[in-house]
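Note sheet for the following structure.
The values are calculated or read from the model by the stated rules, or taken from the named source; none is laboratory data. Fair warning: this is a prediction, and the values are worked out from it, not measured in the lab. Methodologically, a virtual Cβ is constructed for each residue, glycine included, from the backbone with ideal geometry; neighbour enumeration extends over all protein chains shown. Only protein heavy atoms, including side chains, enter the accessible area calculation; ligands, DNA and RNA are left aside. Shrake-Rupley method; radii C 1.70, N 1.55, O 1.52, S 1.80 Å.
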Amino acid sequence: LANGDFAKVPTIVGANADEATIFFVLAGDAFAVETEADFEALADGILPGQGAAIAAEYPIGDYETPQKAAEAAIGDAGFICASRRTAREINAHGGTAYLYNFSHAPAGALFAGMGAFHSAEVRYVFGTPGQLMPGQLTEDEIVLSQAMMSYWYELTAKGDPNHEGAVTWPTYDASSDGHIQLDMPISAGAGLKKEKCDFWDGLYASAGG
């Protein structure tokens, strides 16, 4: 992507609001973060030598628990801000990207309290129960699912997810930093986690990544 060596086809790219929660649930004690020191050690594993800076950017006092701070940091670093970087690279090299953030917290997941966890949006793109969400969609969720299906279908059919009657999904560019918020209701937004993503971009740039 950084070299511009990719097919310039319209691309949907995005992430979920609570990407990291499922990894902490599945890892159990192996991912236990009970103190600020635990968080800093985990963060140092993301970018060696940057654990203190990451912990300072996500002060545990701003979250319910140290683990919630760690979940936010990993979700941003690995998914939300990585998606923004991907969209920016596509745009910078002449491609077209559409950035989304899925923030609907589905009911009936096998593990409680995960919010809009990693892979939660797939159920709505396909409109069927999934392994972690075996229940049927509610009436309201069917509306969300049909809207998402329509965006994905329109992109494949004509290279643009927008269509009559739908909330306009802005084409991504760094100056406007627009995205669509996939929730109930759907809305358009801009500057998604801008300060956090600028922070991660700076860290990765200083690390040569």
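Listed by chain and number, the aspartates and glutamates whose C-alpha is less than 13 Å from the C-alpha of K196, apart from same-chain residues fewer than 8 away, are E57, D76. Could you tell me the center-to-center distance, by alpha carbons, between region 51-73 and region 132-198 in angstrom? Taking the Cα centre of region 132-198 as reference, the centre of region 51-73 is 28 Å away.
At an R0 of 22 angstrom, the distance between the Cβ atoms of A188 and A107 translates into a FRET efficiency of 0.30. Proximity of backbone amide H atoms, modeled 1.01 Å from N, is registered between N16 and F102 at under 5 Å, excluding neighbours fewer than 5 places apart on the same chain. Three semi-axes describe the equivalent ellipsoid of region 152-203; taken as square roots of 5 times the Cα gyration tensor eigenvalues and ordered largest first, they are 25, 13, 9 Å. Just so you know, the averaged projected area of the alpha carbon convex hull for region 1-144 sits at 10.3 nm². Coordinate range of the alpha-carbon atoms in region 120-209 per principal axis, descending: 46, 33, 23 Å.
Only protein heavy atoms count here; under a 1.4 Å probe, S150 has an accessible surface of about 40 Å². Please find the FRET efficiency linking E36 to T128, where r is the Cβ-Cβ separation and R0 is fixed at 45 Å, and quote it to the nearest 0.05. After rounding, the FRET efficiency stands at 0.60.
Once every Cα of region 125-165 carries one equal point scatterer and solvent is ignored, give the base-10 log of I(q)/I(0) from the Debye formula at q = 0.23, 0.32 Å⁻¹, two decimals. Log10 of I(q)/I(0), two decimals: -0.75, -1.03.
Extension gain for the segment T168 to E139, taken as residue separation times 0.36 nm less the Cα-Cα distance, is 8.1 nm to one decimal.
Dipole magnitude for region 81-209: computed about the Cα centre from +1 point charges on Lys and Arg Cβ and -1 point charges on Asp and Glu Cβ, it is near 340 debye. Converting phi to 3J(HN,Hα) with the Karplus coefficients 6.51, -1.76 and 1.60 and the offset θ = phi - 60°, region 37-43 yields 5, 4, 4, 4, 5, 5, 5 Hz in sequence order, with x at every glycine or proline. The lysines whose alpha-carbon is closer than 16 Å to the alpha-carbon of K193, local same-chain residues fewer than 8 away aside, do not include any residue. The phi torsions of region 76-85, fed into the Karplus equation with coefficients 6.51, -1.76 and 1.60 and a -60° offset, translate into couplings of 5, 4, x, 9, 5, 6, 5, 5, 5, 4 Hz, rounded to whole numbers, with Gly and Pro shown as x. Listed by chain and number, the lysines whose C-alpha is less than 20 Å from the C-alpha of K194, apart from same-chain residues fewer than 8 away, are K68. Couplings 3J(HN,Hα) for region 127-143, derived from phi with the Karplus relation 6.51 cos²θ - 1.76 cosθ + 1.60 (θ = phi - 60°), are x, 10, x, x, 4, 8, 9, x, x, 6, 5, 6, 4, 5, 5, 4, 4 Hz, where x marks Gly and Pro.
The amide H of T11, built 1.01 Å from its N in the peptide plane, has T96, A97, Y98 as neighbours under 5 Å, considering only residues 5 or more places off or on other chains.
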